[in-house]
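The values are calculated or read from the model by the stated rules, or taken from the named source; none is laboratory data. These numbers come from a predicted model, not from an experiment. Glycine also receives a Cβ, built like all others from the backbone with ideal geometry; neighbour counts cover every protein chain displayed. With ligands, DNA and RNA removed, areas are computed over all heavy atoms of the protein, side chains included. Shrake-Rupley method; radii C 1.70, N 1.55, O 1.52, S 1.80 Å.
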Amino acid sequence: MAKFFVKVSEHPASFPLAMAAIFAVSFALRFWGLSRFNTLVFDEIYFAKFGNHYLTQTPFFDAHPPLGKYMIALGIWIGQFLPFDRDPIDDLTGSLLTPWAYRWSNAFAGSFLPIIVGAIAYQLNRRRSFALLAASFTAADGFLLVESRYALIDLFLVFFGLLGQWTFLRAVLKPEEPDWRWLTLAGVFFGAAASVKWNGLGFWLGTIAVWIAAKIWQWRRSLPSMLTVPPLQKLANLKVFPVLFTLIVIPAIAYSLFWIPHIQLNPKYDFIEVHDQIFGYHRRLGNGSDIHPYCSNWLSWVVMWRPVLYYYEKAGGDLPVNPELPPLPENSPPVIFAVHAMGNPMLSWLSTLAIFILIFAIAYRCWQHWRSPQDSAIAYDWIGIYLGGNYLANWLPWAIVTRCTFLYHYMSASVFSFMAIAWFVDLWLHSDRPYLRVLAIVAIGAIAIAFCFWLPVYLGLPISLKQWQMRMWLPSWI
């Protein structure tokens with residue numbers, strides 16, 4: 001079975017069909033029942049309203065940069081002309097808006113996340129099986145699925161950040177000279193990620209860190225300049241001033257431009273003052289369960305200790321009909337509609353193990369090279385530096401944040417851990433050792449089965465209390 005998967009995934013004709021199938025499943029899961037809950041869910045009470053404020057020209061204060069709300073506003077504007085939805089709700093500044101209208105832009109962008117991750121994986125080592133596994137595992141993540149189905153902004157942060165990563169790799173890892181047009185586009189996407197939330201800078205920081213690591217690698221090992229070079233040397237050969245322009249000046253310009261419509265709508269504060277207001281808000285924001293019952297520490301994210309309950313309602317039985325919920329059959333037994341923003345447990349735990357093994361392995365390799373520079377390299381030198389550097393750049397900065405944080409802040413880092421487990425599984429599938437090939441199939445099967453098992457709490461499907469409790473493996477999940 002393992003050899004069959006490798007053979008199929010590496011076939012030039014089957015690879016695009018497989019990626020198209022992953023996209024189709026991703027798209028279907030995000031759009032199916034998108035209006036299931038005819039009410040504002042979790043932080044939609046802020047972001048959907050803020051998006052609508054741009055359309056109604058209503059001034060407001062927001063604790064984050066504006067681009068995520070622009071995307072929701074665009075969806076609302078287009079969605080009003082589309083004939084898909086249930087009854088509208090009337091609590092968005094008096095406007096009759098439908099859930100589909102303010103959610104579909106998230107679902108559309110989220111549908112592409114597995115494909116973008118697969119494209120990044122393919123750029124890293126040009127192996128189709130690795131790209132296919134990375135895309136599949138990303139599609140099997142519950143948190144990205146949940147975030148894609150509601151008008152929340154962290155999804156757009158990951159979307160633009162990953163596009164920045166992909167365009168950067170596409171610009172640099174070319175057989176010929178780097179393409180500065182793609183590198184400039186990467187700068188725009190990095191600026192866009194930061195324009196959703198400031199922690200979007202993690203994608204930019206990871207890219208800069210990998211480039212600096214490549215420069216140090218080149219200086220220490222004194223690698224010769226060659227026409228055909230490994231990825232690390234391609235990065236090291238990038239000239240400093242063009243990189244500073246495309247990865248610092250361009251993102252800063254893009255970030256500044258994205259603020260113009262917001263400041264025009266809210267002229268009370270200029271560009272500097274509005275940043276001071278935002279910084280002050282986050283500085284004053286407290287920490288712990290006294291602020292929100294689902295706050296979680298950054299260290300706990302790696303084991304998915306405290307997911308976030310986005311929605312929970314009981315229905316059926318003797319309960320009155322709730323207009324927020326989809327209709328149930330007559331005499332339906334009691335059921336629960338629950339949406340848990342949680343990852344796929346098997347994927348989360350395996351990917352955490354994989355990324356830390358990769359980080360420790362590459363750290364040991366770098367220490368060896370620092371003590372005794374060598375020209376030899378092994379397969380995970382480049383993969384380890386890229387995935388490990390970007391994972392840490394998106395995760396470690398949260399250690400200094402004192403405000404209440406949530407598991408969804410881990411999404412930016414988690415996508416690199418998904419690629420890490422995909423890398424190991426791909427190595428096992430190509431191994432000559434039968435037990436490693438069996439291990440790869442077991443890992444793939446465990447992730448797929450877990451995704452199907454927890455799918456009802458990702459999509460908010462009606463399930464019994466017993467079925468819901470079966471999926472709450474840890475008390476901290478409730």
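Among the candidates Ala214, Ala135, Ala209, single out the residue that is modelled with pLDDT of 85 or more and surrounded by 23 or more Cβ atoms within 10 Å (Cβ to Cβ).
Of Ala214, Ala135, Ala209, the one residue that is modelled with pLDDT of 85 or more and surrounded by 23 or more Cβ atoms within 10 Å (Cβ to Cβ) is Ala135.
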Completion exercise
When restricted to Asp426, Asp432, the only residue in a helix (DSSP H, G or I), out of contact with any His (no Cβ under 7 Å at 6 or more places or on another chain) and either modelled with pLDDT of 95 or more or not aromatic (Phe, Trp, Tyr) (or both) is Asp426
Problem - Complete set of residues in region 189-204 that are more than 22 Å from Asn125 (Cα to Cα) and open to solvent by 50 Å² or more (accessible area, probe 1.4 Å) - result: Trp198, Leu201
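Under the condition of being in a loop (DSSP other than H, G, I, E, B) and among the aliphatic types (A, V, I, L, M), which residue from region 283-327 is modelled with the highest pLDDT?
Selected residue: Met304.
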Exercise for the section: Give the residues of region 23-79 that are of a type in the set (Val, Ile, Thr), open to solvent by less than 10 Å² (accessible area, probe 1.4 Å) and in a helix (DSSP H, G or I), sorted by residue number. Expected result: Ile72, Ile76
Handout entry: For Trp219: the one exception among (1) more than 19 Å from Gly389 (Cβ to Cβ); (2) open to solvent by 30 Å² or more (accessible area, probe 1.4 Å); (3) at pLDDT below 90
Key = (1)
Exercise for the section: Starting from residues that are without any contact (Cβ under 8 Å) to a residue 60 or more places away in the chain and in contact with a helix residue (DSSP H, G or I) (Cβ under 8 Å, 6 or more places away or on another chain), keep the ones in region 175-188 and report whichever is nearest to Leu205 (Cα to Cα). Expected result: Leu185
Fill in the blank from the handout: Checked region 228-258 for anything assigned to a loop (DSSP other than H, G, I, E, B) and of a type in the set (Ser, Thr, Tyr); matches are Thr228
Practice task
Would you mind stating whether Ile115 is touching a helix residue (DSSP H, G or I) at 6+ places or on another chain (Cβ under 8 Å), part of a helix (DSSP H, G or I), surrounded by 24 or more Cβ atoms within 10 Å (Cβ to Cβ) and at pLDDT 95 or above?
Solution key: no
Exercise for the section: Would you point out the residue of region 465-478, among those that are open to solvent by less than 40 Å² (accessible area, probe 1.4 Å) and not aliphatic (A, V, I, L, M), that is farthest from Ala139 (Cα to Cα)? Expected result: Ser476
Handout entry: In region 303-334, residue nearest to Ser464 (Cα to Cα) [restricted to those that are open to solvent by less than 20 Å² (accessible area, probe 1.4 Å) and aliphatic (A, V, I, L, M)]
Key = Ala315
Handout entry: Residue identified as in contact with a Gly (Cβ under 9 Å, 6 or more places away or on another chain), over 15 Å from Met304 (Cβ atoms) and open to solvent by 30 Å² or more (accessible area, probe 1.4 Å) among Pro434, Pro462
Key = Pro462
